[in-house]
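One structure is given below, encoded as structure tokens.
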Amino acid sequence: MPYDAIIVGGGACGLMCAAQAGLLGKKTLVIERNDKPGAKILISGGGRCNFTNLYTSPENFVSENPKFLNAVFSQWTVADTEQFFEQFGDIRGQEKTLGQLFPISNKAKDIVATFSKLLFDTGQDIWLQTELKQVQKTESGFSLQVLREGKEMTLTCPKLVMASGGLPVAKLGASDIALRIAKQWDLQVLPTAPALVPLTITGKDADWYASLAGNAVFARVYNEKISFEENILFTHWGLSGPAILQISSYWKAGEQFTIDLLPKFKLDELIKAERNAGGKRTIGQLLNDHFTRKMVDALAKYLPTSLKIASLSKADAKLVVDTIHQFKVKPAGDKGYDKAEVMRGGVSTAELNPKTLEAKKVPGLYFGGEAVDITGWLGGYNFQWAWAAGYAIAQDI
């Protein structure tokens with residue numbers, strides 16, 4: 001059976017690419033290492049799958065060139081994503097928070113089932129437990145060596161789509177095959193690192209963070225590049241929670257960032273109001289209005305929590321305000337690819353046609369999804385990029 005294209009990777013980008021190619025009357029083969037398609041889709045959002053974000057724009061992505069996304073997002077919008085899943089999967093989205101859309105059913109498997117049915121209906125093939133070993137360019141396209149259920153075989157195709165994802169979550173078949181294929185043809189690959197990943201604290205402060213394990217605080221986490229207002233979560237090994245995962249994409253080892261532990265209030269104004277009321281309460285009692293007892297007890301390491309507000313000196317008041325609103329954090333590292341949601345870095349956008357995602361140096365070779373130097377924020381943005389990339393590639397194959 002001659003294929004119009006072979007798609008490496010049965011994740012979000014690969015499945016959308018095969019589905020859209022099928023709707024255009026093309027015949028594709030998806031090869032997937034796992035024993036089922038959509039492994040990362042199935043675990044995303046705690047098994048609920050935050051499948052897009054209403055506010056998606058290039059500003060929500062980390063890349064050497066976020067504007068590269070304009071050409072892809074102009075072809076496939078958030079509205080297109082909503083319409084696609086409603087039409088082919090009877091899936092309607094509901095917004096949970098900050099534009100995040102989840103299926104009303106709260107079941108990620110409904111998203112995967114939409115693709116399984118569409119691939120079947122349009123006659124696309126999908127081979128599971130199949131691994132790409134190497135690729136050669138031929139006069140008519142590409143020759144692939146694959147390992148399928150322990151047997152080596154050769155496949156040929158005129159067009160090849162690398163939608164094999166990145167390095168996070170090895171137990172789900174993560175692989176650097178797309179990066180290796182890119183390097184094989186001297187395409188620039190930007191340095192990769194875990195992103196949307198919890199951060200670790202070691203050294204003299206480690207016990208302090210561990211003592212707060214399980215405590216969540218709504219905070220503003222920021223550095224000179226970006227700012228996020230969401231929950232942070234203290235853990236036995238450091239920090240997690242949405243705001244920490246977000247800032248991790250903009251953090252490098254050796255850098256510090258700042259946490260405003262009370263972004264909705266101005267502590268100096270609260271202290272002033274307490275003084276005007278007589279200042280009989282202590283700093284600890286004031287902080288108890290906003291934090292758990294455990295958090296206030298821990299802050300006693302840095303602050304005079306037992307001091308009455310009436311007795312607070314200017315220097316002490318400044319210490320309290322600066323500690324709460326400008327809490328400095330210098331992580332030791334991150335929890336690595338196994339705990340990361342995505343990978344940052346990858347195939348440089350400079351190597352790809354922004355409309356089709358075809359490699360400029362290698363006609364017929366396409367890259368989409370996580371393998372490309374485009375990393376979305378937490379909240380459905382990476383899925384929107386994957387769907388849009390799959391669509392754009394399908395229009396060209």
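With neighbour counts taken as other beta-carbon atoms within 10 Å, the residues V342, V78 rank, fewest first, as V78, V342.
Cross-link reach is defined here as a Cα-Cα straight distance under 13 Å, omitting same-chain residues fewer than 8 places apart; for K107 the aspartates and glutamates meeting it are D90.
Dividing the mean sequence gap of close Cα pairs (under 8 Å, 6+ apart) by how many residues the chain holds gives a relative contact order of 25 percent. Seen from G369, the other residues with C-beta closer than 14 Å to its C-beta sum to a net charge of -3, counting Lys and Arg as +1 and Asp and Glu as -1.
What is the list of residues in segment 373-391 whose amide nitrogen lies under 19 Å from a point 7 angstrom out from the Cα of K252, following Cα to Cβ? From segment 373-391, the list is 373-376.
Which of the three applies to the chain, rounded, prolate or oblate, going by the alpha-carbon gyration tensor with a ≥ b ≥ c and a/c under 1.5 meaning rounded? Prolate shape, in that a/c is at least 1.5 and a/b is the bigger ratio. Of the chymotrypsin sites (Phe, Trp or Tyr not before Pro) in segment 264-345, the ones in a loop by DSSP (not H, G, I, E or B) with at most 16 other beta carbons within 10 Å are F265, Y302. Excluding same-chain residues fewer than 8 positions from K264, which aspartates and glutamates have a Cα within less than 12 Å of its Cα? Of all the aspartates and glutamates, those that pass the test against K264 - Cα under 12 Å, at least 8 places apart if same chain - are E229, E230.
Each part reduced to its alpha carbon centroid, segment 152-182 and segment 313-332 end up 48 Å apart.
Sorted ascending by nearby beta carbons within 10 Å, beginning with the fewest, I393, I43, I201 become I43, I201, I393. All alpha carbon pair distances within segment 61-175 were sorted into 5 Å bins beginning at 0; the resulting P(r) in whole percents reads 2, 8, 11, 14, 17, 19, 15, 9, 4, 1, 0.
Within the shell defined by Cβ-Cβ distances under 12 Å, the residues around L29 carry a net charge of +1, with Lys and Arg each +1 and Asp and Glu each -1. For the chain, modelled as a GNM whose springs connect Cα atoms under 10 angstrom apart, the maximal fluctuation among K318, K266, K151 occurs at K151. Against the chain, whose longest principal axis is taken from its Cα atoms, helix 78-89 shows a tilt of about 60°. Could you work out the helix-only [θ] at 222 nm for the chain, with each DSSP H run of four or more residues adding -39,500 (n - 2.57) and the total divided by the number of residues, to the nearest 500 deg cm²/dmol? Rounded to the nearest 500, the figure is -8500 deg cm²/dmol. Cross-link reach is defined here as a Cα-Cα straight distance under 26 Å, omitting same-chain residues fewer than 8 places apart; for K204 the lysines meeting it are K252, K294, K301, K318, K328, K330, K335, K339. Each Cα pair under 8 Å and six or more residues apart adds its separation to the average, and for segment 199-334 the resulting relative contact order is 30 percent. For the chain, the longest principal axis of the Cα atoms and the long axis of helix 108-121 meet at an angle of about 10 degrees.
Ranked for footprinting exposure by Cβ neighbours inside 10 Å, fewest first, K26, K107 give K107, K26.
Every number here is computed from the coordinates shown, using simple stated rules; none is lab data. Here the structure is a predicted model, which is why all the values come from computation and not from measurement. Positions of Cβ are generated from backbone atoms using ideal geometry, with glycine treated the same way; all protein chains shown enter the neighbour counts.
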